[in-house]
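Engineer: Sharing a structure, written as structure tokens. Questions coming.
The values are calculated or read from the model by the stated rules, or taken from the named source; none is laboratory data. Keep in mind the model is a prediction, meaning the values are calculated, not measured. Using ideal geometry, Cβ is built from the backbone for each residue, glycine included, and neighbour counts are taken over all protein chains shown. Remember, those area values only see protein heavy atoms, side chains included, never the ligands or the DNA or RNA. Shrake-Rupley method; radii C 1.70, N 1.55, O 1.52, S 1.80 Å.
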Amino acid sequence: DTRDGLSNSQVNCIFKDSEGFVWIGTPYGLNRYDGYRFRVFFSNANDTTTIKDNYVDDICEAYDGRLWIKQGMNYCVYNPVTERFDRRPDRWLARQGIKGGIDRIYIDSRKCFWVKTYENGLYYFNPYTHKLHLFKHGRGRNDIPEGFGVSSFSQFRNSVLVASTKGEIVCFNGEEGRVSWRNSY
């Protein structure tokens, strides 16, 4: 808790990165634990290389070791080499062909990106092959309905399960660019 150096006693998420650091997201700061002590990262409005907001509710690691940090309705990316944050990850996503406002991001165990945007739908991006597929808004078998909100992501073999905010579970296969199955029971 805070007596041990944690920035806030309420923990929103815990993540262990590939270097062995334990990251703890709280309502007041991002904490990195190295086994001995905490290092806390706070937002500074006058420094754009700091975390965007002090509220942290999810952390995932990309293929290059960068941490993608969800902060309410925003994301920022932590670079472990420079120990700085990029408050505009949408620019990197746009260079990969992923356009639109970021709703949710999930990075699976193969380090492939799943990015739900408000405008276009759900993107799959494989950073190794640069394969990109959009599951667009529509009524087709491989489309997602307008207003499809993501409640949570989970890995299922080489696919990803997405639970929608309306209770539907959809299994997406990014490499094949298809919806494997849906269940709205």
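Engineer: Pick out, in residue order, every one of the trypsin sites (Lys or Arg not before Pro) in the range 1-50 that is DSSP loop and has at most 14 other C-beta atoms within 10 Å; say none if there are none. Spell out each step's value before the answer.
Structural biologist: Working: sites: ARG3, LYS16, ARG32, ARG37, ARG39; in loops: ARG37.
Within the range 1-50, the qualifying trypsin sites (Lys or Arg not before Pro) (loop, at most 14 other Cβ atoms within 10 Å) are ARG37.
Engineer: So who's got an amide H within less than 5 Å of the one on ILE144, skipping anything under 5 residues away but keeping other chains? H placed 1.01 Å off N, in plane.
Structural biologist: Amide H to amide H, under 5 Å and 5 or more residues apart or across chains, ILE144 pairs with LYS136, HIS137, GLY138.
Engineer: Taking DSSP loops as anything outside H, G, I, E and B, show the longest stretch in the chain free of GluC sites (Glu not before Pro) there with at most 11 other beta carbons within 10 Å. Could the numbers behind the result be given before it?
Structural biologist: Numbers: sites that count: GLU19, GLU83, GLU119, GLU146.
After excluding every exposed loop site, the longest remaining stretch is 20-82.
Engineer: Can you run phi through the Karplus equation (6.51, -1.76, 1.60; θ = phi - 60°) for the range 82-87 and list ³J(HN,Hα) in whole Hz, with x for Gly and Pro?
Structural biologist: 8, 6, 10, 10, 9, 7
Engineer: Over the chain, what per residue volume does the convex hull of the Cα atoms give, in whole Å³? The partial results should precede the final answer.
Structural biologist: Numbers: hull volume 23.6 nm³, N = 185.
That works out to 127 Å³ per residue.
Engineer: Now for a different question. Could you give the accessible area per residue of the chain, probe 1.4 Å, as a whole number in Å²?
Structural biologist: Working: 9860 Å² over 185 residues.
Heavy-atom SASA per residue in the chain reads 53 Å².
Engineer: Related question: For the pairs LYS16/LYS52; LYS116/LYS166; LYS52/LYS136, note any where the Cα-Cα span goes beyond 27 Å. Provide the component values of the computation, followed by the final result.
Structural biologist: On the way: LYS16/LYS52 21 Å; LYS116/LYS166 15 Å; LYS52/LYS136 29 Å.
Over 27 Å apart, Cα to Cα: LYS52/LYS136.
Engineer: Heavy atoms only, 1.4 Å probe, whole protein assembly: order ARG95, ARG88, ARG110 by accessible area, highest first. Kindly include the intermediate steps, with their values, before the conclusion.
Structural biologist: Values: ARG95 170, ARG88 110, ARG110 70 Å².
If we order ARG95, ARG88, ARG110 from most to least accessible, we get ARG95, ARG88, ARG110.
Engineer: Loop-only chymotrypsin sites (Phe, Trp or Tyr not before Pro) in the range 1-81, please: DSSP not H, G, I, E or B, and at most 16 other Cβ atoms within 10 Å.
Structural biologist: For chymotrypsin sites (Phe, Trp or Tyr not before Pro) across the range 1-81 that sit outside H, G, I, E and B with at most 16 neighbouring Cβ atoms in 10 Å, the list reads PHE21, TYR36, PHE42, TYR63.
Engineer: Give me a comma-separated list of calculated 3J(HN,Hα) values for the range 12-22, in order, Karplus coefficients 6.51, -1.76, 1.60 applied at θ = phi - 60°, integers in Hz, x for any Gly or Pro.
Structural biologist: Computed from phi, the couplings for the range 12-22 are 8, 7, 9, 9, 9, 7, 5, 8, x, 6, 9 Hz.
Engineer: Separate question: Over the chain, with every protein chain in place, what whole percent of the accessible area is carbon and sulfur at 1.4 Å, could you tell me?
Structural biologist: Values: 4680 of 9860 Å².
Answer for the chain is 47 percent, counting heavy atoms of protein chains only.
Engineer: Can I ask one more? Just to check I understand the Karplus step: with θ = phi - 60° and J = 6.51 cos²θ - 1.76 cosθ + 1.60, what whole-Hz values come out for the range 161-177, glycine and proline as x?
Structural biologist: Working through the residues one at a time gives 8, 10, 8, 8, 5, 9, x, 7, 10, 10, 9, 9, 10, x, 5, 8, x Hz.
Engineer: What is the distance, in nm, between label points placed 7 Å from the Cα along the Cα-to-Cβ direction at VAL40 and at GLN155?
Structural biologist: About 3.3 nm, to one decimal.
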